[in-house]
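Here the structure is laid out as structure tokens; the discussion comes afterwards.
The values are calculated or read from the model by the stated rules, or taken from the named source; none is laboratory data. From a predicted model like this one, the values you see are computed outputs, not experimental measurements. We place every Cβ from the backbone using ideal geometry, glycine too, and count neighbours over all the protein chains shown. Just the protein is used for accessible areas: all its heavy atoms, side chains included, with ligands, DNA and RNA removed. Shrake-Rupley method; radii C 1.70, N 1.55, O 1.52, S 1.80 Å.
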Amino acid sequence: QDEEKWDFVLVSDIHEVGSEKEIKRKKFLDELSKKGFTIKKIEDKKLFYGVRAPKQIFQKYQGLLRKPDNRLQNPNVHQDIPATTRIRIVNFILQNTTTPDLEKLHDLMKKKVFEATFPLHEKEEVREFLKEKWARWRGIFCQQPIEKIRCYFGEKVALYFAWLGWYTCLLGIAAAVGTVVFVAGITVFSSSQVSKEICEASNTIMCPLCDQKCSFWLLSDTCTYAKVTHMIDNEGTVLFAMFMAIWATVFLELWKRQRATVVTNWDLYRWDEEEEELAMELINNLQHEPRQYQHSYFRSTIILLLVLLMIAVLIGIAHALVIYRVIAVALFTQSNFAFLREQANTMAVMTGAVLHYITIVVMTKVNRRVALYLCDLEKPRTFSQRENNFTVKIFTFQFFTNFSSLIYIAFFLGRINGHPGNYVRIAGKWRLEECHPSGCITDLFIQMAIIMLLKQTISNVMEYLVPWIAHKLRKKQQRPKKRRMILGEEEEAEDPCKRQWLSNYQLNEVNIFSLFDEFLEMVIQYSFTTIFVAAFPLAPLLAFFNNLFEIRLDAIKMMRLCRRMVPRKANDIGIWLYVLEAIGILAVIGNGLVIAITSDFIPMQVYKYTYSPCMTENNTGVDCLTGYINHSLSTFRIQDFEPYTNGEPGLALTGLCCRYRDYRNADDYSYTVQFWHIFAARLAFLILFEHVALCVKLIAAWYVPDVPQFVKNQLLDRKHSNLHEELRWVMPQKV
């Protein structure tokens, strides 16, 4: 039974005898044979080579990496090595075996000598259990069998699912709080004093929103928009932003504890990745010399400049999206459809969000190629170092791809557009967008809602459908050959390996970045869930439901649609932990800026406690925000419009002035004292919010230990017993 288990399968096209590819293939297989590998050949439409490593390789591995607590065991006793470790070692040897032409498997695959290489999905008990209990939609609310995932896919995949399960579990708490805040906002939908004032402002004439074909309009026309804005922008949002900053810290601290518990149970807490890699190099080649650590300041400078250039390109794309929105508003306001003219701003925001999603999809592929190219320039020493470098670069690029447009809407929209009579224009023609009189936060809400919904519906559907359709097509292509083979050559059709190898080959290809892609997707989602959550309290809820499906979707892909991943050993989620910690700090800064700059929370508080009737007239019988809208609008004389502003007169006939959102004097349009008062209050709030939130994060990090006490005690007891045993062996020798 064990003799019929094959560690890896190599697939090749049937090349002509004596061709260059056939010679290269033979040289590579000969090198494997010299190392003691057993090779079995099966011919179909393709050539399949099953390879099995000799037992001595695994005995060397066990001997080299015998841990201190195993030192006293009989060195001749070799326990059965797990299938995941076998596959990992064999994969390393295959990837690092060099032919006489100094070519490795990677080079041969580039030259199409081999088409594919993969470990097999074995028909074993663990696999059947995972297929039935884990890779099923009906198990969506069930706990994941992390131990069994580890036994089949290795520690790295198991830790990914352990992290994803933990994240989703704690996301449930954030989702519940976010939903409560959103529902509380709905309850004040019509009761907000600011909304009431906008809805009752039937005599407040606003300046035109564009130069051509835009009439003066009444503030009361935007009553519903104002209600929606104050449903999102209220005191509850500020508290929720603070809560999410603390939640992000507590989540990471609790994950560190969970991870320590899990890897201690696996006896990997003190595992050394570098030692593991050196051991495998020596098993593969006894004459191997380790690559020394190197650092080139020149190379680092070049890479830094290229990274900055790529970031500049991504910011340029965000600028292009801004220009699109400006032109879209101008075109929509000149449309023949009344609905488009009235909702020009909202339609520009929504179509801009869809366009932003498309740029995210396209640039994700570009970012990957650029990040890989930069990694090749760096010449990292080991695979894990290469993976870390790649992670930092691709996350940086993806962050700017996903968030540049949101950063513009949150912090620049409506703040750099000038004022009536002196608008900032693109190419001297198109006016930059303005904020609604009730604030810009609704634009940010719409943008985030559309991007998150599209990412979590279209992207997930494609993530499942593409591998499913590809698998069905590959299966269909193989069927005619199989039927012909049964008719023609019965004895070969009986080979039990043939059917298994073919069925594994028909599955979708996986690569070293398959798991990386899943991590990246979740970390970008985590960024959306925490960084701008003040503008979109439903983000954790959407992420929570997405993740419930994501876990099972990934499980089904790995178990049923894709070839078996090469297991990787790990004792943490690697550099992703540092990325998540960086996002936690960005979340504090981002939410602080959203409340201080995007939201109208600060201007309202300044008005309430400085200029309101409650303060100036000691009138306690009225709402303290009475008169806020009138206070936040400036007055503009119509005769001061630029010559080429050709707005339709409409309501302007009834007066000589229109209003616009800003704090400017009516005579020379310079900033008022109130503007500087609010500016100082925004700055003070930002500094206070960020310092308080960061202090709370530090206290939370200190209060929740990274490693549980029982894990520390377990490690302590293990060290003590090992030293005690060694002492017993040392003492008699001295006597």
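Given the structure, is Thr229 part of a helix (DSSP H, G or I), more than 15 Å from Pro537 (Cα to Cα) and either touching a helix residue (DSSP H, G or I) at 6+ places or on another chain (Cβ under 6 Å) or open to solvent by less than 40 Å² (accessible area, probe 1.4 Å) (or both)? Step through it out loud before you land on a result.
Values: part of a helix (DSSP H, G or I): yes; more than 15 Å from Pro537 (Cα to Cα): no; either touching a helix residue (DSSP H, G or I) at 6+ places or on another chain (Cβ under 6 Å) or open to solvent by less than 40 Å² (accessible area, probe 1.4 Å) (or both): yes.
Considered against the rule, which asks whether it is part of a helix (DSSP H, G or I), more than 15 Å from Pro537 (Cα to Cα) and either touching a helix residue (DSSP H, G or I) at 6+ places or on another chain (Cβ under 6 Å) or open to solvent by less than 40 Å² (accessible area, probe 1.4 Å) (or both), Thr229 comes out as no.
What number of residues within segment 110-130 satisfy the criterion of being touching a strand residue (DSSP E or B) at 6+ places or on another chain (Cβ under 7 Å) and either buried (at least 18 other Cβ atoms within 10 Å of the Cβ) or in a helix (DSSP H, G or I) (or both)?
Residues that pass the stated criteria total 6.
Restricting attention to segment 366-389, and to residues there that are closer than 17 Å to Leu309 by Cα and of a type outside the set (A, V, I, L, M), which single residue is modelled with the lowest pLDDT?
So in segment 366-389, the residues closer than 17 Å to Leu309 by Cα come out as 366-375, 377-378.
With of a type outside the set (A, V, I, L, M) added as a condition, the list becomes 367-369, 373, 375, 378.
On the way: Asn367: 94, Arg368: 92, Arg369: 93, Tyr373: 92, Cys375: 90, Glu378: 85.
Among those residues, the one meeting the criterion is Glu378.
Restricting to segment 426-464, what's the tally of residues that are more than 22 Å from Asp600 (Cβ to Cβ) and not hydrophobic (A, V, I, L, M, F, W, C)?
So the count comes out to 10.
Which condition does Arg299 not pass, out of (1) part of a helix (DSSP H, G or I); (2) within 30 Å of Ile573 (Cα to Cα); (3) open to solvent by less than 20 Å² (accessible area, probe 1.4 Å); (4) touching an Asp or Glu at 6+ places or on another chain (Cβ under 8 Å), if it passes all the others?
Answer for Arg299: the failing condition is (3).
Could you say which residue among Leu321, Leu377, Leu306, Leu331 is under 30 Å from the mean Cα position of the chain (by Cα) and under 30 Å from Lys213 (Cβ atoms)?
One residue alone meets the criteria, Leu321.
Of the residues that make up segment 468-480, is at least one in contact (Cβ under 8 Å) with a residue 12 or more places away in the chain, out of contact with any helix residue (DSSP H, G or I) (no Cβ under 6 Å at 6 or more places or on another chain) and within 27 Å of Tyr225 (Cα to Cα)?
Checking segment 468-480: not a single residue is in contact (Cβ under 8 Å) with a residue 12 or more places away in the chain, out of contact with any helix residue (DSSP H, G or I) (no Cβ under 6 Å at 6 or more places or on another chain) and within 27 Å of Tyr225 (Cα to Cα).
Of the conditions (1) under 30 Å from Leu538 (Cα atoms); (2) buried (at least 17 other Cβ atoms within 10 Å of the Cβ), Ile246 fails just one. Which one is it?
(2)
Do you know which residues across segment 121-171 are touching a residue at least 60 places away in the same chain (Cβ under 8 Å) and of a type in the set (Phe, Trp, Tyr)?
Trp134, Trp137, Phe141, Tyr152, Phe153, Tyr160, Phe161, Trp163, Trp166, Tyr167
Looking at (1) assigned to a helix (DSSP H, G or I); (2) touching a residue at least 12 places away in the same chain (Cβ under 8 Å); (3) open to solvent by 60 Å² or more (accessible area, probe 1.4 Å), which is the one condition that is false for Asp267?
For Asp267, the failing item is (1).
Take Ser19 and tell me if it is farther than 17 Å from Asp495 by Cα, among the polar types (S, T, N, Q), open to solvent by less than 60 Å² (accessible area, probe 1.4 Å) and at pLDDT 90 or above.
no
What number of residues within segment 584-612 are more than 11 Å from Glu690 (Cα to Cα), free of Cβ contacts under 8 Å to residues at least 60 places away in the same chain and open to solvent by 20 Å² or more (accessible area, probe 1.4 Å)?
Number satisfying all stated conditions: 2.
Output the residues belonging to segment 383-432 that are out of contact with any Asp or Glu (no Cβ under 9 Å at 6 or more places or on another chain), assigned to a helix (DSSP H, G or I) and over 20 Å from Ala582 (Cβ atoms).
Result: Ser405, Tyr408.
Given the criterion β-branched (Val, Ile, Thr) and touching a Lys or Arg at 6+ places or on another chain (Cβ under 7 Å), identify the matching residue among Thr204, Thr187. Quick ask: steps written out before the conclusion?
On the way: Thr187 fails: touching a Lys or Arg at 6+ places or on another chain (Cβ under 7 Å).
After ruling out the rest, the residue left standing is Thr204.
Assuming Ala348 fulfils every condition listed in (1) closer than 25 Å to Lys455 by Cβ; (2) at pLDDT 90 or above; (3) among the aliphatic types (A, V, I, L, M) apart from one, which condition is it?
With respect to (1) closer than 25 Å to Lys455 by Cβ; (2) at pLDDT 90 or above; (3) among the aliphatic types (A, V, I, L, M), Ala348 is out only on (2).
Within segment 131-155, which residues are modelled with pLDDT of 90 or more and in a helix (DSSP H, G or I)?
Hits for segment 131-155 are Ile146, Glu147, Lys148, Ile149, Arg150, Cys151, Tyr152, Phe153, Glu155.
For segment 424-445, give me each residue that is of a type outside the set (D, E, K, R), open to solvent by less than 30 Å² (accessible area, probe 1.4 Å) and closer than 20 Å to Glu642 by Cβ.
Within segment 424-445, just Leu432 meets the criteria.
So that you can scan it fast, the table gives a plain yes or no per residue for (1) in a helix (DSSP H, G or I); (2) polar (S, T, N, Q); (3) at pLDDT 85 or above:
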position	(1), (2), (3)
Gln62	yes, yes, no
Gln73	no, yes, no
His78	no, no, no
Arg86	yes, no, yes
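Within segment 665-704, which residues are more than 27 Å from Glu235 (Cα to Cα), modelled with pLDDT of 85 or more and open to solvent by less than 70 Å² (accessible area, probe 1.4 Å)?
Asn665, Ala666, Tyr669, Ser670
Could you figure out which of (1) at pLDDT 75 or above; (2) within 30 Å of Met347 (Cβ to Cβ); (3) in contact with a helix residue (DSSP H, G or I) (Cβ under 7 Å, 6 or more places away or on another chain) isn't true of Val461?
Tallying (1) at pLDDT 75 or above; (2) within 30 Å of Met347 (Cβ to Cβ); (3) in contact with a helix residue (DSSP H, G or I) (Cβ under 7 Å, 6 or more places away or on another chain), Val461 fails exactly one: (3).
Starting from residues that are among the aliphatic types (A, V, I, L, M) and part of a helix (DSSP H, G or I), keep the ones in segment 197-226 and report whichever is nearest to Val622 (Cα to Cα).
Among those that are among the aliphatic types (A, V, I, L, M) and part of a helix (DSSP H, G or I), it is Ile198.
Scanning for something in contact (Cβ under 8 Å) with a residue 60 or more places away in the chain, open to solvent by 10 Å² or more (accessible area, probe 1.4 Å), closer than 22 Å to Leu314 by Cβ and small (Gly, Ala, Ser), does segment 408-423 turn up at least one residue?
no
Given Phe528, Phe536, Phe544, Phe532, which one is open to solvent by 10 Å² or more (accessible area, probe 1.4 Å) and either more than 22 Å from the chain's Cα centre (by Cα) or more than 22 Å from Asp7 (Cβ to Cβ) (or both)?
Being open to solvent by 10 Å² or more (accessible area, probe 1.4 Å) and either more than 22 Å from the chain's Cα centre (by Cα) or more than 22 Å from Asp7 (Cβ to Cβ) (or both) holds for just one of Phe528, Phe536, Phe544, Phe532, which is Phe544.
For segment 22-43, which residues satisfy the criterion of being surrounded by 12 or more Cβ atoms within 10 Å (Cβ to Cβ) and under 23 Å from Gln506 (Cβ atoms)?
Answer for segment 22-43, where residues must be surrounded by 12 or more Cβ atoms within 10 Å (Cβ to Cβ) and under 23 Å from Gln506 (Cβ atoms): Arg25, Ile39, Lys40, Ile42, Glu43.
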